[in-house]
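The values are calculated or read from the model by the stated rules, or taken from the named source; none is laboratory data. Everything quoted here is computed from the prediction, not taken from an experiment. Here the Cβ positions follow ideal geometry from the backbone for every residue, glycine too, while neighbour counts run over all protein chains shown. Accessible surface is based on the protein model in full, side chains and every heavy atom, while ligands, DNA and RNA are left aside. Shrake-Rupley method; radii C 1.70, N 1.55, O 1.52, S 1.80 Å.
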Amino acid sequence: MEWYEPRPEPPYAGRRIRRFFQVLKTPSDIWLIIRMTGWALVLPVLKRLIPLNQLTKFMWSLPKTKFRDPIQEKKIATIIRWLYIFAFSKEKSCLQRSLILYRFLSLHHADPQMITGMRRGSGKDWKGHAWVVVDGKDFAELNPDVGDFKPLLSFGVHGNMKKIANS
């Protein structure tokens, strides 16, 4: 009598890689990765040269589609996660990640808002954070403590900046 031995579950990284390639199905998906990677490479320089209120105007894009596509939004979230977990793991910039999300979600008609905020850290230190909101909810946010940050500025359509009340 032979015993059935289940295939061992692939390591965590193996499952993530398989899931990543399930998301990428067309040449346009590969092109999306290339474009997002390009922005991830140039934003460390741009954010030091261009004031944030001008950079958000530059990063906003007019929608290229007529309707929102939740599948495309999921691909954008997956790719940005992967870029900042594997390719840019030493770079912990929430601002860069948020600017890329802001750009590609605006291209796909998701009407994103990029929020910047602050919170008091240990002692007298202040910590800043940037994140993207779509439909009133944090989008692809990696920081579980985002609710601890007090929103100060919001960047919406066309990169227009709005100071958030009570800040």
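Mean separation of Cα pairs under 8 Å and 6 or more residues apart, divided by the residue count, gives the stretch 19-135 a relative contact order of 25 percent. With a cut-off of 13 Å between beta carbons, the residues surrounding Leu46 carry a summed charge of +4, where Lys and Arg count +1 and Asp and Glu -1.
Each of [x] 27, 17, 15; [y] 29, 21, 15; [z] 32, 21, 15 is a candidate for semi-axes √(5λ) of the Cα gyration tensor in Å; the one calculated from this structure is [z]. Within the accessible surface of the chain, defined with a 1.4 Å probe on protein heavy atoms only, the carbon and sulfur portion equals 59 percent. With a cut-off of 9 Å between beta carbons, the residues surrounding Phe149 carry a summed charge of +1, where Lys and Arg count +1 and Asp and Glu -1. The Cβ shell under 13 Å around Gly117 holds other residues with a net charge of +1, Lys and Arg each +1, Asp and Glu each -1. Accessible area per residue for the chain, computed on protein heavy atoms with a 1.4 Å probe, is 64 Å². Each Lys and Arg contributes +1 and each Asp and Glu -1, all at the Cβ; summed about the Cα centre of the chain, the dipole is approximately 540 debye.
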